[in-house]
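This report concerns only the one structure given below.
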Amino acid sequence: MRPMGKAGVSFMRDAIFPNLGSRSPRVLVGPGRGLDNAVVALRGRDVMIATVDPISMVPSLGPELSAWLSVHLIASDYFASGTSPTFATFSYNFPRAMAGSERGGYLRAVGRECGKLGVSIIGGHTGSYPGAAFTVVGAGSMLGFARRGGFVTPAMARAGDAVLMTKHAAIEGAATLALSFPERARERVGKGLAVKAERMIRLCSTVRDSVVAAREGLGEGAVTSMHDATEGGVIGGLEEMAAASKKAFVVEEEAIPVSPAAKAVCAEFGLDPLRTLGEGALLITCSPDSVGGLKARMARARIAVAELGAVRAGRGLLLRRKGGGESLEGPVDDRYWEAYARASKGRN
């Protein structure tokens with residue numbers, strides 16, 4: 001049986017990347033590891049940016065919070081380009097067990113959150129078909145426009161850049177598990193930490209982080225790349241950035257922030273907080289001269305930020321540990337979905 005979660009490196013290499021339809025010279029940034037946004041050339045220096053992600057209905061979160069999370073997961077990918085989306089499309093395959101009132105609440109929340117982001121929903125498809133089940137209930141895409149030189153991708157990280165991170169690790173993983181299995185979390189890790197983990201769900205967006213970072217400037221001498229930490233967590237996100245940029249990321253493990261609540265919940269469910277769902281944390285590379293300005297902007301916005309290391313010539317993610325040990329990290333196999341499935345089975 002195939003592992004749960006997004007496709008692995010070998011499957012992408014063997015089954016996805018060789019089968020991309022007609023090749024077009026207008027595709028400036030196409031599918032690739034760590035590249036969440038496609039970029040297509042239009043007229044002159046104009047470009048179109050597009051991204052797509054699954055959308056979810058998590059019963060324990062309810063329709064409105066699930067919809068908020070789904071919209072912000074898509075938007076977080078897009079805003080990491082340093083630009084803002086304009087349009088969106090959604091395809092829904094709702095489980096038959098999802099009541100009409102829940103579907104309506106979900107759709108209203110999607111529309112409301114897109115409106116807050118300035119995004120117009122221009123099309124999609126809605127239905128309920130055999131095999132539909134919680135939690136993934138479809139997919140959504142966002143697209144918009146920019147100018148050449150006016151956006152960033154993880155491929156643009158440069159040797160000599162500093163590596164920074166907002167907030168802390170395992171935000172989404174810990175919050176979702178604490179909310180999905182509240183009795184277990186409160187009993188095993190304590191009510192105080194469990195409630196703190198539950199409340200982290202509203203941190204599962206890097207839209208604001210990206211907007212603040214982009215104000216420091218984009219490109220050489222400023223912010224050179226951004227990437228949100230989703231499946232695979234902080235370590236997975238950094239490894240993807242290293243792969244996309246064909247550079248070496250040298251990071252101090254001790255510098256990666258982990259909240260006590262996230263650490264406790266991850267331990268209870270058998271997860272490594274550095275290597276599990278980390279949406280809410282934005283990974284940034286920028287020129288050394290921009291670090292001070294970027295930190296000051298984040299402080300004014302009340303967004304925590306930590307400096308993790310630097311980009312060097314070479315390849316891969318080099319993780320340095322306290323006491324002098326180090327390891328070259330490969331692609332991360334996130335165990336979140338397995339942990340969620342085990343916990344669901346135990347509850348039932």
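Since every read-out is calculated from the coordinates, none of them should be taken as a lab result. If you're wondering where the values come from, they're calculated on a predicted model, not measured in any experiment. Glycine also receives a Cβ, built like all others from the backbone with ideal geometry; neighbour counts cover every protein chain displayed.
May I ask for the net charge around ASP36, where only other residues with Cβ less than 14 Å from the Cβ of ASP36 are counted and Lys, Arg are +1 while Asp, Glu are -1?
For residues surrounding ASP36, the net value is -4.
How much net charge surrounds ARG312 when only other residues with a Cβ under 14 Å from its Cβ are counted (Lys, Arg +1; Asp, Glu -1)?
Summing Lys and Arg as +1 and Asp and Glu as -1 gives +2.
For the range 102-235, report the translational diffusion coefficient in µm²/s to the nearest whole number, using Stokes-Einstein at 4 °C, 1.567 mPa s, and a Kirkwood Rh over Cα pairs.
Rounded to a whole number, D works out at 71 µm²/s.
If neighbour count is taken as other Cβ atoms inside 10 Å, put CYS114, CYS286 in order from fewest to most.
Arranged by neighbour count, lowest to highest, CYS114, CYS286 become CYS114, CYS286.
Consider just the alpha-carbon atoms of the range 281-348 and return their Rg together with their Dmax, both in angstrom.
18.0, 54
Just to confirm the filter: which GluC sites (Glu not before Pro) across the range 193-261 are DSSP coil and have at most 14 other Cβ within 10 angstrom of their Cβ?
Filter output for the range 193-261: GLU220.
Where the only charges are on Cβ atoms (+1 Lys, Arg; -1 Asp, Glu), what is the dipole of the chain about its Cα centre, to the nearest 20 debye?
That gives the chain a dipole magnitude of about 420 debye.
Please compute the volume of the convex hull spanned by the alpha-carbon atoms of the range 27-126 and report it per residue in Å³.
115 Å³
Of THR89, ALA146, VAL136, which is farthest towards the positive pole of the range 21-147's charge dipole, taken about the Cα centre with +1 and -1 on the beta-carbons of Lys, Arg and Asp, Glu respectively?
ALA146
How high is the relative contact order of the chain, in percent, counting Cα pairs under 8 Å that sit 6 or more residues apart? Display every interim value, and only then the final one.
Values: 775 pairs, mean separation 71.3, N = 348.
Computed over the chain, the figure is 20 percent.
Given SER22, HIS125, ALA222, which one lies farthest toward the positive end of the charge dipole of the chain, if we put +1 on the Cβ of every Lys and Arg and -1 on the Cβ of every Asp and Glu?
Of SER22, HIS125, ALA222, it is HIS125.
For the chain, what ratio Rg/Rh do Cα atoms give with a Kirkwood hydrodynamic radius?
Radius of gyration over Kirkwood radius for the chain works out to 0.95.
Can you say what percent of the DSSP beta bridges in the range 21-147, counting only those with both residues inside, are antiparallel? Round to 5.
Restricted to the range 21-147, the bridges split so that about 75 percent are antiparallel.
Please give the direction-averaged projected area of the C-alpha convex hull for the range 154-347, in square nanometres with one decimal.
Value for the range 154-347: 10.5 nm².
Go through ILE235, CYS266, GLY192 and say which Cα lies farthest out towards the positive end of the charge dipole of the range 163-277; charges sit on Cβ, +1 for Lys and Arg, -1 for Asp and Glu.
GLY192
Only bridges whose two residues both fall in the chain count here: according to DSSP, what percent of them are antiparallel, nearest 5?
Antiparallel bridges: around 80 percent, rounded to the nearest 5.
Based on the Kirkwood radius over alpha-carbon pairs, what value in µm²/s does the Stokes-Einstein equation return for the translational diffusion coefficient of the range 206-282 at 4 °C and 1.567 mPa s?
Calculated translational D: 95 µm²/s.
Can you list the equivalent-ellipsoid semi-axes of the range 232-348, largest first and in whole Å, using the square root of 5 times each Cα gyration tensor eigenvalue?
Equivalent ellipsoid of the range 232-348: 27, 19, 13 Å, largest first.
Residue by residue through the range 309-321, which ³J(HN,Hα) values in whole Hz follow from phi under the Karplus form 6.51 cos²θ - 1.76 cosθ + 1.60 (θ = phi - 60°), with glycine and proline marked x?
x, 8, 9, 10, 5, x, 9, x, 9, 9, 9, 9, 10
What is the magnitude of the charge dipole of the range 228-348 about its Cα centre, with +1 placed on the Cβ of each Lys and Arg, -1 on the Cβ of each Asp and Glu, and no other charges, expressed in debye to the nearest 20?
In debye, rounded to 20, the range 228-348 gives about 220.
Tell me what the chain gives for mean residue ellipticity at 222 nm when only DSSP H runs of n ≥ 4 count, each as -39,500 (n - 2.57), the sum divided by the residue total, rounded to 500 deg cm²/dmol. Working shown, then result.
Details: 10 runs with 114 residues, N = 348.
Helices in the chain give a 222 nm mean residue ellipticity of -10000 deg cm²/dmol.
Relative to the Cα centre, what is the charge dipole magnitude of the range 21-147, using +1 at the beta carbon of each Lys and Arg, -1 at the beta carbon of each Asp and Glu, and rounding to the nearest 20 debye? Could the numbers behind the result be given before it?
Working: 11 positive and 7 negative charges, 78 e Å.
Value, rounded to 20: 380 debye.
Could you tell me what fraction of 2.2 N^0.38 Å the Cα radius of gyration of the range 156-231 comes to, as a two-decimal ratio?
Details: Rg = 16.5 Å, N = 76, 2.2 N^0.38 = 11.4 Å.
Normalised Cα radius of gyration, the range 156-231: 1.44.
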